[in-house]
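In what follows, a single structure is set out as structure tokens and then discussed.
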Amino acid sequence: MCGRFTRYLPWSEIVRLYRLTLDYEISKNTTLACNIAPTVEVPFVIAGEDGSHRLREGRWGLGLGSG
């Protein structure tokens, strides 16, 4: 299994769903993607300590277990 995924929501819907509020989070303009493969940089949402959501970017991939 290669771990590919699809981002099918428009960015405005992601902002609404996760209640993103920072300027760079709202103004990010990512396009829909049908075949996101491991090693591609993608935006993702994390929960902050106060329960709010924050946008981060990182490389998508499946972790290798410690064995």
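The values are calculated or read from the model by the stated rules, or taken from the named source; none is laboratory data. Just so it is clear, the structure is predicted and the values come from calculations on it, not from any experiment. Because the Cβ atoms are built from the backbone with ideal geometry, glycine has one as well, and the counts that use them run over all protein chains shown. To get the accessible areas, we keep the full protein, side chains included, count just its heavy atoms, and leave off ligands, DNA and RNA. Shrake-Rupley method; radii C 1.70, N 1.55, O 1.52, S 1.80 Å.
Tabulated values for the structure
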item: Highest average packing first - 39-51, 16-28, Cβ atoms within 10 Å; result: 16-28, 39-51
item: Length-normalised contact order for the chain - Cα pairs under 8 Å, 6+ apart - percent; result: 33 percent
item: Accessible surface, per residue, of the chain when the full set of protein chains is kept, probe 1.4 Å, Å²; result: 78 Å²
item: Binned Cα-Cα distance frequencies in the chain - 5 Å width, integer %; result: 3, 15, 24, 22, 18, 11, 5, 2, 0
